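Contents: one structure, followed by commentary.
Each reported figure results from applying straightforward, stated rules to the coordinates on display, with no laboratory input. As the structure is a prediction and not an experimental result, all values here were calculated from the model. For neighbour counting, all protein chains shown are included, and Cβ atoms are generated from backbone atoms with ideal geometry for every residue, glycine included.
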């Protein structure tokens, strides 16, 4: 790419940390009670297109990718309670300074410090940028040999002391940030999200998607890139990218009917993507399985298994546990469950709405 996306994003959001940038905002309705606890400056200088905080559960370890001024982190800190933890990760010093400015004040309000802010790139969750800066102060790079030593240090850092540990997070959230990452690094970013999640961990990613391919001239426009436009996933590719990385129950839980912006005839709108990291183990096929409730004649899971409406299908314990997850919105009857559980509500009962506080997709 001719344009340096990182430099464009850093500059734009450093400006946003100092003075509000209206062009970076989508209209979003947040929980008024949670907003009431936040400092006005954090609210004013927040930029997002959704509210991933609504997926936070008590006791969660939450990782907020591109946490900015800390708004969603502090909202999540209230929701995780005393046993939870929120990690805000950002690469912008000005935004990190804004978030940390109120850390002591917010800890006093919560009755404990449940939030920590770290400097890193969301496409490389293993590399601690503060540690890298300290290394470079004593090991400047002025030759190929020194560059090789730097790369070896980075590899050891990711392996032995990663910024975010493997399988350490219950919920990864992000608010209009994934589109800011260079296209050639987006797959690595999603693999990193998968790596840090615990088995059965969840994601709730609010971002901007396009309805068509974005042309090169827009890709090379630094203002459009840093403005959450040029780096947007296409709406189908966003889902496919997470499914290809190994996630299950990948779906759009939120989809704005009206585009946020239309540029060169391309619609850009806010969505929230949710998914679950499957658990491994217990792959033996059991003699008790699942029944797909409907309403469709049949559905196919991410492993290619077909479930016909009303038909019993024997599956492994891992598959049964996955498809019984709330993310599938009670679409399957678990034949190993108790009679009371089997009699649960159909996922498609007339007038039924999705639970606002659970990570669910609309199976209908």
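The figures follow:
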{"read-out": "Descending semi-axes in whole angstrom, ellipsoid equivalent of the range 182-317, from the Cα gyration tensor", "value": "35, 18, 11"}
{"read-out": "Taking all pairs of distinct alpha-carbon atoms in the chain, Kirkwood radius in angstrom", "value": "21.9"}
{"read-out": "Order by protection proxy (mean Cβ within 10 Å, highest first), peptides 75-82, 217-224", "value": "75-82, 217-224"}
{"read-out": "Antiparallel %, DSSP beta bridges [both residues in the chain], to 5", "value": "55"}
{"read-out": "CD proxy at 222 nm, helix term only [per DSSP H run n ≥ 4: -39500 (n - 2.57); per residue of the chain; nearest 500]", "value": "-9000 deg cm²/dmol"}
{"read-out": "Mean Cβ neighbour count within 10 Å, used as a protection proxy, ranking 62-74, 190-202 highest first", "value": "62-74, 190-202"}
